Amino acid sequence: MPELPEVETVRRALDARLRGRTVSAVLVRRPTFYRRPPAAALRALEGATLRGFSRRGKYLIAELEGRPSVVFHLGMSGRLTVGGESPHVRFELTVGGESLRFHDSRRFGRVGCPLPALGPEPLEPAFDAAYLRKVLRGRSAPVKALLMDQRLIAGLGNIYATEALHAAGVRPGRAGGSLRRAESERLAAACREVLRLGVELGGATLDDESFLDPLGRPGRMQERVRVYGRDACGDCGAPLLDTRRSIGGRASLYCPSCQR
Ligand SMILES: [Zn+2]
């Protein structure tokens, strides 16, 4: 699933390419994809001039001249491409002579959704060690689930939460409230650092159904992951374990040697 660095990579590419251009046509190709008919959201785009693209957490926002903005969520496998064909194109916009296509091989991506209440992002000043301590204090939920709760902290998903916990030396299944002060300080710094690196490297492209930017280019964060998608720890070489405690029904790898 695209997380903050992947969505930011998409935002930068689309903003550079399409800012100031006008949407001259909207074509819905696979309407069954939507939970609700997207007609209103797509009509809102027709004839609109793009002031640019912004982002909040994992949400991409098309800012329009003189009209309300339109929010996109890429879900698990959604992609936005300039040109580029696939069997999974759900709709396309003609923007200044280029085709902006929304692909989704599954059914979780959305357009025209409301922007929910979201916590601060780790790369913003509102997120610091004191804020993270407040989020974790007294909580029995796994620390990884708290990191991935977008209402508390916006932008982290499975990849970057897994990597931040490893960098901080904290096991994902530990209760949020069990972290000592030094651990939560390390974890806050690690959240910032993995996201900063992910943005710098253009996101993580981990497998064949994985992330590509709007021009079809892979990211490079996968070259730097120490745990996610690996069998052995990238730092010490120890075989990785999966936490027994279910965290959102997903794998939660950790290194039994580097993480306590
Ligand atoms: Zn290790």
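The values are calculated or read from the model by the stated rules, or taken from the named source; none is laboratory data. Computed from a predicted structure; not experimentally measured. So basically every Cβ, Gly included, is an ideal-geometry build from the backbone, and we count neighbours across all protein chains shown.
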inquiry  = Out of the residues in region 219-236 meeting the condition of being touching a strand residue (DSSP E or B) at 6+ places or on another chain (Cβ under 8 Å) and among the charged types (D, E, K, R), tell me which one is farthest from E163 (Cα to Cα).
reply    = D231
inquiry  = Take the conditions under 19 Å from P5 (Cβ atoms), without any contact (Cβ under 8 Å) to a residue 12 or more places away in the chain, within 16 Å of the ligand (Cβ to nearest atom) and not polar (S, T, N, Q) and apply them to G234. Does it pass?
reply    = yes
task = Pick out the one residue from A204, A188 that is more than 16 Å from the ligand (Cβ to nearest atom) and assigned to a helix (DSSP H, G or I).
result = A188
ask   = Within the group E185, E200, E209, E193, which residue is at pLDDT below 95 and of a type in the set (D, E, K, R)?
value = E209
task = Kindly indicate which of F91, F72, F127, F102 is within 30 Å of V227 (Cα to Cα), assigned to a strand (DSSP E or B) and of a type outside the set (D, E).
result = F72
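Every residue, every condition in (1) among the hydroxyl-bearing types (S, T, Y); (2) within 15 Å of F211 (Cα to Cα); (3) touching a residue at least 24 places away in the same chain (Cβ under 8 Å), yes or no:
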position	(1), (2), (3)
L50	no, no, yes
F53	no, no, yes
I61	no, no, yes
E65	no, no, no
L74	no, yes, yes
G84	no, yes, yes
L93	no, no, yes
H103	no, yes, yes
R106	no, yes, yes
message = Quick test of your reading of the structure: T94 fulfils all but one of (1) of a type in the set (S, T, Y); (2) closer than 30 Å to S24 by Cα; (3) surrounded by fewer than 16 Cβ atoms within 10 Å (Cβ to Cβ). Name the failing condition by number.
response = (3)
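Conditions tested, residue by residue: (1) crowded, with 19+ Cβ neighbours inside 10 Å; (2) aliphatic (A, V, I, L, M); (3) modelled with pLDDT of 90 or more.
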position: L74; (1), (2), (3): yes, yes, yes
position: S77; (1), (2), (3): no, no, no
position: T81; (1), (2), (3): yes, no, yes
position: G84; (1), (2), (3): no, no, yes
position: R90; (1), (2), (3): yes, no, no
position: S99; (1), (2), (3): no, no, yes
position: S105; (1), (2), (3): no, no, no
position: V111; (1), (2), (3): yes, yes, no
ask   = Only one residue in R196, R260, R171, R180 is within 15 Å of the ligand (Cβ to nearest atom) and surrounded by fewer than 21 Cβ atoms within 10 Å (Cβ to Cβ), so which one is that?
value = R260
task = Identify all residues within region 211-228 that are more than 11 Å from the ligand (Cβ to nearest atom) and touching a residue at least 40 places away in the same chain (Cβ under 8 Å); write none if there are none.
result = F211, L212, D213, P214, L215, G216, G219, M221, V225, Y228
key: Condition met for P214 (of a type outside the set (A, V, I, L, M, F, W, C) and in contact with a strand residue (DSSP E or B) (Cβ under 7 Å, 6 or more places away or on another chain))   = yes
